[in-house]
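The values are calculated or read from the model by the stated rules, or taken from the named source; none is laboratory data. Everything numeric here is computed off the predicted structure, so don't read it as measured data. Using ideal geometry, Cβ is built from the backbone for each residue, glycine included, and neighbour counts are taken over all protein chains shown.
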Amino acid sequence: MEPGMFAFLIYALIGLFFLILGIRCFFAQKPCGFWANAEQFEVTDVKAYNKAMGKLWIVFALILTALGLPLLNPENILPVILVSIIGMMLACIGMMMFYTLVIDKKYRKK
């Protein structure tokens, strides 16, 4: 197996994990947490909050998998790996910003 194909499979498996997490959020009865080892704040509308969290995780899963697609090109693998890694870091930062600035602000009970 080529290294690019192996790397893409890793991206795809991690993306699948986040996709399942997003689907799980849609059906959760309690508010889904975002930050690890942090106490979940009180939510105004649990169903809408979980729906927003589910969408966030599903979009992140799709972006993550799409960032792995360039790894399937066996030519010039080093620049492609750098683009995929930097893109993943930017996607993570963007996801955290979106959660903090939009979802947290909208659904946190005041």
* So Glu39, is it farther than 26 Å from Phe26 by Cβ and out of contact with any Asp or Glu (no Cβ under 8 Å at 6 or more places or on another chain) -> no
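Phe60: in contact with a helix residue (DSSP H, G or I) (Cβ under 9 Å, 6 or more places away or on another chain) and loosely packed, with under 13 Cβ neighbours inside 10 Å, yes or no? Walk me through it before giving the result.
Details: in contact with a helix residue (DSSP H, G or I) (Cβ under 9 Å, 6 or more places away or on another chain): yes; loosely packed, with under 13 Cβ neighbours inside 10 Å: no.
When the stated conditions are applied, Phe60 does not pass them.
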* Structure fact -> In the set Ala36, Ala48, the lone residue that is more than 13 Å from the chain's Cα centre (by Cα), among the small types (Gly, Ala, Ser), in a loop (DSSP other than H, G, I, E, B) and within 21 Å of Asp104 (Cα to Cα) is Ala36
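With Leu67, Leu71 as the choices, which residue is in contact (Cβ under 8 Å) with a residue 60 or more places away in the chain, crowded, with 18+ Cβ neighbours inside 10 Å, in contact with a helix residue (DSSP H, G or I) (Cβ under 6 Å, 6 or more places away or on another chain) and in a helix (DSSP H, G or I)? Outline the logic, then answer.
Values: Leu67 fails: in contact (Cβ under 8 Å) with a residue 60 or more places away in the chain.
Of Leu67, Leu71, the one residue that is in contact (Cβ under 8 Å) with a residue 60 or more places away in the chain, crowded, with 18+ Cβ neighbours inside 10 Å, in contact with a helix residue (DSSP H, G or I) (Cβ under 6 Å, 6 or more places away or on another chain) and in a helix (DSSP H, G or I) is Leu71.
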* Give the residues of region 13-64 that are small (Gly, Ala, Ser) and without any contact (Cβ under 8 Å) to a residue 40 or more places away in the chain, sorted by residue number. => Gly22, Ala28, Gly33, Ala36, Ala38, Gly54
* Qualifying positions in region 74-94 - surrounded by 11 or more Cβ atoms within 10 Å (Cβ to Cβ), assigned to a helix (DSSP H, G or I) and not hydrophobic (A, V, I, L, M, F, W, C) -> Ser84, Gly87, Gly94
* Structure fact -> Across region 1-33, the tally of residues that are closer than 30 Å to Asn76 by Cβ, hydrophobic (A, V, I, L, M, F, W, C) and more than 14 Å from the chain's Cα centre (by Cα) stands at 7
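Within region 1-57, take every residue that is among the basic types (Lys, Arg) and loosely packed, with under 13 Cβ neighbours inside 10 Å and give me the one that is modelled with the highest pLDDT.
Of everything passing the filter in region 1-57, Lys47 is modelled with the highest pLDDT.
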